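The values are calculated or read from the model by the stated rules, or taken from the named source; none is laboratory data. Since this is a predicted model, take the numbers as computed values, not measurements. Neighbour counts are summed over all protein chains in view; Cβ atoms, including those assigned to glycine, are modelled from backbone coordinates with ideal geometry.
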Amino acid sequence: MADAEEDAMPRGGASGEEPDLTDETQDFRFLTTISREDASIPKRGEKDFEPHATALQSNTLAASRHAMHAALAFQRTHQPRGHTLATYHPETNMAYAYNPKGPLFVRMGTVLPAIEDPFGDDERRGQRVWLLPEEVLFLMNRGTVDVRWPGQEGLAMSLQGAYAMFLGDEGERGGGLTFERYAVYSNLKRSGYVVHRAPTWEGEGKVPGDECYAAIPSMTPPTWHVGLFNYYTSWWELFKADDKVKEEESSQGPLVASKPYRSYAEIYRRLAIIPTYDPTARFGPDDSQLATDPAFRITYHVWKPSNTAYKKSAPGPPDFRIAVVNARESAVPTSAQLSALMETAPYKPPPEQSQLYQKLKHGYKSVILAIVDQGVVSYLRLADAAFGREKLYERRGQPGGRRGGRGGRGGRGRGR
Amino acid sequence: MATTSDSPTVQEPLPIFKLAQRYLVYDADTVTYLRREHNICGVLIGGLPQAPQQNVFSGLPLELLPEEARLLVEKRVAYVVDDVAKHRRAFLEDGMSAEERRAYQAALRKQGLAAAGEKNRKSEQRKKATLEKLGTENWNDLPEDMLKPRSDRRKRQGGSSEGSTIQPNDTPDDETLFDSPGAAALCKASTPHNARSAEPQPFFVTPTTSYPPLQSAAPPSESTHVDAPDAPQSYPIFRYLHDQGYFLAPGLRFGCQYMAYPGDPLRFHSHFLVNGMDWDQEFDLLDLVTGGRLGTGVKKGFLLGGQEEGGEGRDKGAAKSGDETSRGVRSFCIEWGGM
């Protein structure tokens, strides 16, 4: 059922126009329509403007509250058959289960190698699956695992106990899992994504590698060279234009010397004297490489549910990188914080054939910020757009320019 | 549906559980009670086990804003409990006596039995309904192997009710979906069919709260507000609006600090986008324009407010409530006038 539901769930904001139901508190009376097979989601606009003390209104409110209470009072039970038992391990603040069954464990939990397993290399190590705090908490929340306190009797751990240990105790011992991070983790998991901790979960991680920068051009022009300069008609014209600009680059003369020009582009090119940022021209970290701020670091690597290349043992490159930000403790990131964060994202230029606005929106690097305000998550996509590379005067075919595109910022990307 | 018939009541003062600087409530009755009696909504941060793959509806626990926790503590409706220490002592450091442990397990077993019984009853009902729809009489003409699971059902209909024979299709848990039919048959064969045992096998239960077995006691009532949770500087306006009967919710995604609802957000749209300020705080005039336009754009008022320093409680509402924190709070609503 879980898989069917995953497919049926709308991925909010696909068109950008449909209302996002998670934005506001929804009427719990509609929950029954969600948990059924033919999941239809309530429309918006079922609410009233203000209380007007009618019996109808107060009865509806009472019914909504009753439905909410009934939904919240649901008891998590496990049938004796097919029930997944896990045991809490206080030393590492993780839990382990032997041979857990179910589709969820295809993407969660790890069997630790002999040197890392806290119990060493005993005969059951291969079956022992270790679950990270966020994984246990999520699985417990959805009623999948039955977690027990360590000890002889194996007392059942309550949801409250799990929060106290996996989030409260984790915080006290300085672990990486915070409320914000768990909120984002569970939010994404409930939407069906595959989520794993990024290498920068704790600490700075490695220096950004080659994949974070444009490839260094080799002398034999590979195919992408052609694409890069496809705004110029030919190599010859490129050469000619470059030569001429260089020729006239003197501090005295006018920017545009008086002589015949064959196109406006030649004149504009001469006027472009303000240096602009070019992400394609960076081939490695410079000396003044910025250190990432702990408040703005990539926290999770996220794979789409449809990503068939994903395997737990070899996940491959993630579809998204998400940095979790606490709205109450950090302000809008500074340019330095942002550049350092952006540095760690892989270099992913937009396809050369795409439209101007799509290129700007796509950017050359991108990272998603998940901003959490008291458990309410908002996703923002930040892209490293290169306005300096998209020269309007070199565009062809549409002299007036097309209107109606949107800016370089992704807006509410919703993990997209 | 009557308003009072099934509304749970909770004994005040009630516990708020603190962990990692957050304030949580785990009890569904308390959540409903706070909402109904004290206009406190909080944010549900958990998932619903009955609908685990969606984000539209959330479940327990409920996270209270520090403002809400503080307000409840100040009003002596609630007190704060350090949950981590409690759990560690009880479950990891042998803080519970053997008797308490036994009682806890017995209680869980009882709940598990009840759950199993309930489940059985429901599936029996469903089977009965299906059988009635199909008409059971013609079944004798069907081949033997096709009948197998059905005949089993009929047998049980005639008296036995056994937990272990529930069909995989009857269970909402996705694990069981992935048991192959062969495994299910095997499992059934291995469990003894005891027609006389009326007692189903108990389910395992993951309780939502830890109280009981843990005990929490309210601090003596004469204790002062010393341990009131820290709240941000916008607390006065929060408290003020709450005293006026508004429901407040965090408003970051709408571009403000709080959303103010005239009634329960379950039923009503919000009226105001609220930002709290210090009395002498300087801010950009552009913020005023932006906020005003934003509010007008979504048909809400953009509300700014703060506490006047040394204010005499000019505002009637606050003066009436006679409370220190909301005294001298003034609020201003900005609307974009289309001249």
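Just wondering, is there one or more residues in segment A:53-65 that are in contact (Cβ under 8 Å) with a residue 40 or more places away in the chain and within 7 Å of chain B (Cβ to nearest Cβ)?
Taking every residue of segment A:53-65 in turn, none turns out to be in contact (Cβ under 8 Å) with a residue 40 or more places away in the chain and within 7 Å of chain B (Cβ to nearest Cβ).
Just to be sure before I move on: is A:GLN337 surrounded by fewer than 18 Cβ atoms within 10 Å (Cβ to Cβ), in contact (Cβ under 8 Å) with a residue 40 or more places away in the chain and either touching a Leu at 6+ places or on another chain (Cβ under 8 Å) or among the polar types (S, T, N, Q) (or both) in the structure I sent?
The answer is no for A:GLN337.
Failed condition for B:LEU273, given (1) modelled with pLDDT of 85 or more; (2) away from chain A (no Cβ under 13 Å); (3) part of a helix (DSSP H, G or I), with all others met?
Failed condition: (3).
Among the listed residues B:LEU19, B:LEU65, B:LEU24, B:LEU60, which satisfies the condition of being in contact with a Ser or Thr (Cβ under 7 Å, 6 or more places away or on another chain), surrounded by 24 or more Cβ atoms within 10 Å (Cβ to Cβ) and at the interface with another protein chain (Cβ under 9 Å from one of its Cβ atoms)?
Going through B:LEU19, B:LEU65, B:LEU24, B:LEU60 in turn, just one is in contact with a Ser or Thr (Cβ under 7 Å, 6 or more places away or on another chain), surrounded by 24 or more Cβ atoms within 10 Å (Cβ to Cβ) and at the interface with another protein chain (Cβ under 9 Å from one of its Cβ atoms): B:LEU60.
Can you name every residue in segment B:250-265 that is in contact (Cβ under 8 Å) with a residue 12 or more places away in the chain and not small (Gly, Ala, Ser)?
Result: B:PRO250, B:PHE254, B:CYS256, B:GLN257, B:TYR258, B:MET259, B:TYR261, B:PRO262, B:ASP264, B:PRO265.
Let me spell it out: the conditions are (1) more than 7 Å from chain B (Cβ to nearest Cβ); (2) at pLDDT 85 or above; (3) within 34 Å of the chain's Cα centre (by Cα); (4) on the phi < 0 side of the Ramachandran plot, and A:VAL106 meets all of them except one. Which number is the exception?
(2)
Being at pLDDT 90 or above and facing chain A (nearest Cβ under 10 Å) is the filter here; which residues of segment B:258-268 pass it?
The answer is B:MET259, B:TYR261, B:PRO262.
Among what's in segment A:110-154 and is more than 12 Å from chain B (Cβ to nearest Cβ) and part of a strand (DSSP E or B), pick the residue that is surrounded by the fewest Cβ atoms within 10 Å (Cβ to Cβ).
Checked segment A:110-154; the qualifying residue surrounded by the fewest Cβ atoms within 10 Å (Cβ to Cβ) is A:THR110.
Check B:LEU113, B:LEU131, B:LEU92 and return the single one that is more than 11 Å from chain A (Cβ to nearest Cβ) and not basic (Lys, Arg).
From the options B:LEU113, B:LEU131, B:LEU92, the qualifying one is B:LEU131.
Being more than 7 Å from chain B (Cβ to nearest Cβ), over 22 Å from B:ALA103 (Cβ atoms) and touching a strand residue (DSSP E or B) at 6+ places or on another chain (Cβ under 9 Å) is the filter here, so list the residues in segment A:155-176 that pass it.
Of everything in segment A:155-176, those that are more than 7 Å from chain B (Cβ to nearest Cβ), over 22 Å from B:ALA103 (Cβ atoms) and touching a strand residue (DSSP E or B) at 6+ places or on another chain (Cβ under 9 Å) turn out to be A:PHE166, A:GLY176.
Where in segment B:16-115 are there helices (runs of 4 or more DSSP H), lying wholly inside it, with at least 1 residues that are under 18 Å from A:LEU72 (Cβ atoms)?
B:28-38, B:66-74
Working carefully through the options A:LEU56, A:LEU85, find the one that is at pLDDT 85 or above and assigned to a strand (DSSP E or B).
A:LEU85
Taking segment B:100-127 only, how many residues are loosely packed, with under 15 Cβ neighbours inside 10 Å and of a type in the set (S, T, N, Q)?
Total satisfying the criteria: 1.
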